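One structure is given below, encoded as structure tokens.
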Amino acid sequence: MDKLLIKGGVRLQGEIRIAGAKNSALPILAATLLTHETVQVCNLPHLFDITTMLELLGCMGVQPVIDEKLNVEIDSSTIAHFSAPYELVKTMRASILVLGPLLARYGEAEVALPGGCAIGSRPVNLHISALQAMGADIVVEDGYIKASVDGRLKGASIFMDMVTVTGTENVMMAATLADGVTTIENAAREPEVVDLALCLIEMGAKITGQGTDTIVIEGVKELKGCSYSVMPDRIETGTYLIAAAATRGHIKVKDTRPDILESVLSKLEQAGADIKVGDNWIELDMHGKRPKSVSVRTAPYPAFPTDMQAQFTALNSVAEGTGSITETVFENRFMHVHEMNRMGAAIRVEGNTVIVDGVDNLKGAPVMATDLRASASLIIAGLVGENETTVDRIYHIDRGYECIEEKLQSLGAQIRRLPA
Ligand code: UD1
């Protein structure tokens with residue numbers, strides 16, 4: 001397994017470009033199953049999770065075509081199977097996103113039940129009950145969700161008991177082809193849900209309310225092809241900004257969207273960063289100063305994102321003062337804490353909160369990545385730490401960060417990949 005070798009202590013400086021958002025690209029690729037016309041998806045990030053989704057489409061008989069600009073054209077009219085096998089679902093839980101589109105368009109779907117993962121049990125009961133409310137017959141047997149419907153799904157009023165991002169996306173996609181109007185209440189308001197809605201609207205769907213907690217979808221008989229460019233990745237953006245703040249650096253990130261990062265930018269300002277923004281860029285300058293500790297509490301958008309808390313834990317670990325990080329979305333998302341403590345951090349876990357006493361500096365050590373965002377936080381810790389840090393199991397990072405070592409190198413970091 002590849003590892004990353006980092007020699008810490010360099011202030012990050014320079015400019016980088018942000019890739020397309022993984023969490024928008026995945027549902028948009030799944031949405032291509034809703035039409036027999038060709039959909040072109042542009043600004044796809046170069047990530048392992050994207051390859052997995054393309055492979056999943058491939059194993060159903062759909063052959064995505066990649067052009068020289070890395071745009072992907074998908075014509076799903078060749079589909080031959082309506083099944084997402086366990087081998088793919090176990091490597092990427094977001095495979096569940098094909099359930100709604102398959103059921104809505106072909107009246108049947110079999111998707112392996114995603115198991116637990118490093119950050120908690122992550123059930124999909126809300127996806128299932130919402131589709132049942134729309135008339136689907138669903139049984140869970142032999143480790144698979146087996147769904148079918150006679151004719152079209154029916155519009156329904158759905159209240160989501162919890163705010164779920166992929167749950168909202170699955171139901172919204174299914175509802176585009178349902179008979180009648182579907183209302184999703186307590187819907188996720190994440191920008192990636194909005195991006196998917198905008199792509200579906202380009203395909204001819206009738207959707208309103210995206211970005212609020214009530215989304216209304218009037219089903220249509222069929223959708224058409226379109227060309228859609230995926231929005232920038234706000235989590236990748238935030239990760240580089242935090243890395244720059246932790247190393248007391250000065251960077252500019254381009255091709256991004258400051259308007260969807262408000263909670264993160266305000267925490268970085270509290271940490272002492274000088275931040276300037278333009279339409280599609282963010283510049284962060286620490287003026288060489290040590291960051292100050294901040295406290296965050298994760299919650300669904302527009303509150304502070306759970307996908308950014310591990311990186312702030314790394315920032316707090318070398319900041320002045322004590323900060324707390326409270327996780328309210330997932331049950332077990334602190335695996336990185338023990339690894340950071342091995343690097344000399346002073347972090348303790350109290351229930352769903354971690355208390356971080358900032359230390360003067362971390363010391364390099366061999367550490368192990370446990371999930372995608374935890375890996376990013378360990379890289380940040382390695383970038384500030386004295387001496388060398390090796391981060392093992394970086395296949396997690398390749399799932400969600402495009403060319404991370406090249407981008408960090410272009411900011412001056414001393415980081416390289418050690419092939420297995
Ligand atoms: C998505 C993101 C992930 C992010 C998360 C929360 C994608 C591909 N992934 O994951 O990066 O960390 O949102 O912002 O977009 N829940 C249930 N039953 C369900 C569904 C969810 O109890 O049927 C619970 C989950 O266990 C969790 C909470 O709801 O505690 C939120 O999870 P959810 O928003 O569904 O996460 P994902 O969509 O899987």
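Please treat every number below as a calculation from the coordinates, not as lab data. These figures come from a predicted structure and were not determined experimentally. Glycine also receives a Cβ, built like all others from the backbone with ideal geometry; neighbour counts cover every protein chain displayed.
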Considering amide H positions built from the backbone, and no H for Pro or chain starts, which residues 5 or more places from Glu388, or on another chain, come under 5 Å of its amide H?
Gly364
Using Cα pairs closer than 8 Å and at least 6 residues apart in sequence, work out the relative contact order for region 1-68, in percent.
29
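Highest mean first, how do 190-196, 46-52, 348-354 rank when packing is the count of other Cβ atoms within 10 Å averaged over residues? Present the calculation step by step, with values, prior to reporting the outcome.
Values: 190-196: 24.9, 46-52: 19.0, 348-354: 13.9.
Highest mean packing first, the order is 190-196, 46-52, 348-354.
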Highest-first arrangement of 156-162, 411-417, where packing means the average Cβ count within 10 Å
411-417, 156-162
How are the alpha carbon pair distances in the chain distributed across 20 Å bins from zero to the largest one, expressed in percent?
28, 55, 17, 0
Give the long-range amide H neighbours of Ser295: residues separated by 5 or more places, or on another chain, with amide H under 5 Å away, using H modelled in the peptide plane at 1.01 Å from N.
Ser324
Among Tyr240, Tyr301, what is the fewest-to-most ranking by other Cβ atoms within 10 Å?
Tyr301, Tyr240
So which of Lys22/Lys252; Lys22/Lys276; Lys3/Lys292; Lys146/Lys254 end up more than 32 Å apart, counting from Cα to Cα?
Lys146/Lys254
Can you sort Cys199, Cys59, Cys226 from fewest to most other Cβ atoms within 10 Å of each residue's own Cβ?
Cys59, Cys226, Cys199
What percent does the relative contact order of region 294-336 come to when contacts are Cα pairs within less than 8 Å and at least six residues apart?
49
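If we count other beta carbons within 10 Å of each Cβ, what is the order of Asp67, Asp357, Asp285, fewest first?
Ranked by crowding around the Cβ, least crowded first: Asp67, Asp357, Asp285.
Using only the Cα atoms, work out Rg/Rh for region 54-163, with Rh taken as the Kirkwood radius, to two decimals. Walk me through the numbers before you get to the answer.
Working: Rg = 14.9 Å, Rh = 15.0 Å.
Ratio value, two decimals: 0.99.
Could you give the dipole magnitude of the chain about its Cα centre, charging the beta-carbon of Lys and Arg +1 and that of Asp and Glu -1, in debye to the nearest 20?
Values: 38 positive and 53 negative charges, 211 e Å.
It works out to roughly 1020 debye.
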If amide H atoms are modeled at 1.01 Å from N in the peptide plane, then the residues at a separation of 5 or more from Cys226, or on another chain, having amide H under 5 Å from its own are Val39, Gln40
Quick one: compute the contact order of the chain, relative version, from alpha carbon pairs under 8 angstrom and 6+ residues apart, as a percent.
21
From zero outward in steps of 10 Å, how is the percent of C-alpha pairs of region 294-334 spread across the bins?
31, 55, 13
Farthest toward positive dipole pole in the chain [+1 Lys/Arg, -1 Asp/Glu at C-beta], among Ala413, Leu70, Thr164
Ala413
